[in-house]
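The structure appears below as structure tokens.
The values are calculated or read from the model by the stated rules, or taken from the named source; none is laboratory data. As the structure is a prediction and not an experimental result, all values here were calculated from the model. Reconstructed Cβ throughout: ideal geometry from the backbone, glycine too, with neighbour counts over all protein chains shown.
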Amino acid sequence: LGIAWDGDADRCFFIDDTGEFVDGDFLTALLAELVLEKEPGSDILYDVRASRAVPDIVAAAGGTAHMGRVGHAFMKQAMKEIGGAFAGEVSGHYYFRGFYNADSGTIPALLVLEKLSVEGKRLSDLVGSYRAKYFISGEVNSTVDDAPARIAEIEERYGSIDGATVTHVDGVSVDFEDWHFNVRSSNTEPLLRLCLESLVSYADMEAKRDEVLGIIRS
């Protein structure tokens, strides 16, 4: 097991026993489940980039999942507004009501270590079911000249497809039954950021990712 922190220790990252990086989406789902064991029925917040593993696990554990905007300031404010017990961002920021709604790199490490110790399992065991069902692209960045125009083009292209659900919590998110994606502008750079997930297969995720990237980078 490997645990790493960023320079100011407000983010936490895990490498499992097989040497594989554990995506922040899956850590958010795992931590949400652990928090709900201690605080049943709580509200849980996650960001627009996250895998459907998060709301699925939260619902299965008896909690209520809320999608929020990416960013420290937005997450803390949303935590306060909904009275959430926990919030997670795929970037490795994890927020706790018992820690003044602030993010901590230490609390996630302790919670995961507690889970591994109590259940006698490996981290790869805990996240293996997520990896087998949810195929995620990670965040893919593209430099563009006119981000709003690209976002509008993507929404027009995919939002008109039967079965599509379009939301604008942060950028544009388009959801279908077995895949979804979010495209949003960077707050600091001339970039569009894409996160996409398929529930079909890794190959399906790659194909759909490349298709959306083709529009972004055209």
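Considering (1) assigned to a loop (DSSP other than H, G, I, E, B); (2) under 19 Å from the mean Cα position of the chain (by Cα), the lone condition that D145 does not fulfil carries the number (2).
Can you find a residue that is buried (at least 20 other Cβ atoms within 10 Å of the Cβ) and without any contact (Cβ under 8 Å) to a residue 60 or more places away in the chain anywhere in the stretch 16-32? Yes, the stretch 16-32 has at least one match. Between a residue in the stretch 192-213 that is farther than 21 Å from T143 by Cβ and in contact (Cβ under 8 Å) with a residue 12 or more places away in the chain and any residue that is in a helix (DSSP H, G or I) and among the hydrophobic types (A, V, I, L, M, F, W, C), which pairs come within a Cβ distance under 8 Å, given they are 6 or more apart or on different chains? Every condition considered, the pairs that remain are E197/M205; S198/M205. For the stretch 142-188, the set of residues classified as out of contact with any Gly (no Cβ under 9 Å at 6 or more places or on another chain) and among the basic types (K, R) consists of R150, R157, listed by residue number. Among the residues of the stretch 182-200, write down those that are in a loop (DSSP other than H, G, I, E, B) and either touching a Phe, Trp or Tyr at 6+ places or on another chain (Cβ under 6 Å) or under 20 Å from D47 (Cα atoms) (or both). Matches in the stretch 182-200: S186, N187, T188, E189, L199.
Among the numbered conditions (1) within 18 Å of E39 (Cα to Cα); (2) touching an Asp or Glu at 6+ places or on another chain (Cβ under 8 Å), the only one that G105 does not meet is (1). Sort out which residues of the stretch 144-190 are touching a residue at least 24 places away in the same chain (Cβ under 8 Å), under 17 Å from S218 (Cβ atoms) and surrounded by fewer than 16 Cβ atoms within 10 Å (Cβ to Cβ), and write them in order of number. Those that are touching a residue at least 24 places away in the same chain (Cβ under 8 Å), under 17 Å from S218 (Cβ atoms) and surrounded by fewer than 16 Cβ atoms within 10 Å (Cβ to Cβ): D145, P148, E153, R157, P190. Exactly one residue out of A50, A59, A32, A65 is assigned to a loop (DSSP other than H, G, I, E, B), within 24 Å of A132 (Cβ to Cβ) and under 18 Å from the mean Cα position of the chain (by Cα), and it is A50. If the condition is being among the charged types (D, E, K, R) and over 22 Å from F135 (Cα atoms), then the stretch 35-47 contributes E37, K38, E39, D43. Just one of the listed residues (V112, V127) is touching a residue at least 24 places away in the same chain (Cβ under 8 Å), out of contact with any Cys (no Cβ under 7 Å at 6 or more places or on another chain), part of a helix (DSSP H, G or I) and closer than 19 Å to D47 by Cβ, and it is V127. Per the listing E114, E139, the residue uniquely assigned by TED's automatic domain parsing to the domain that holds S173 and either surrounded by 13 or more Cβ atoms within 10 Å (Cβ to Cβ) or of a type outside the set (K, R) (or both) is E139.
For the residues I3, I44, I82, I57, the requirement of being touching a residue at least 24 places away in the same chain (Cβ under 8 Å), touching a His at 6+ places or on another chain (Cβ under 6 Å) and of a type outside the set (G, A, S) singles out I82. Of the candidates A59, A53, A4, A65, the single residue that is surrounded by fewer than 24 Cβ atoms within 10 Å (Cβ to Cβ) and either over 24 Å from F181 (Cβ atoms) or in contact with an Asp or Glu (Cβ under 7 Å, 6 or more places away or on another chain) (or both) is A4.
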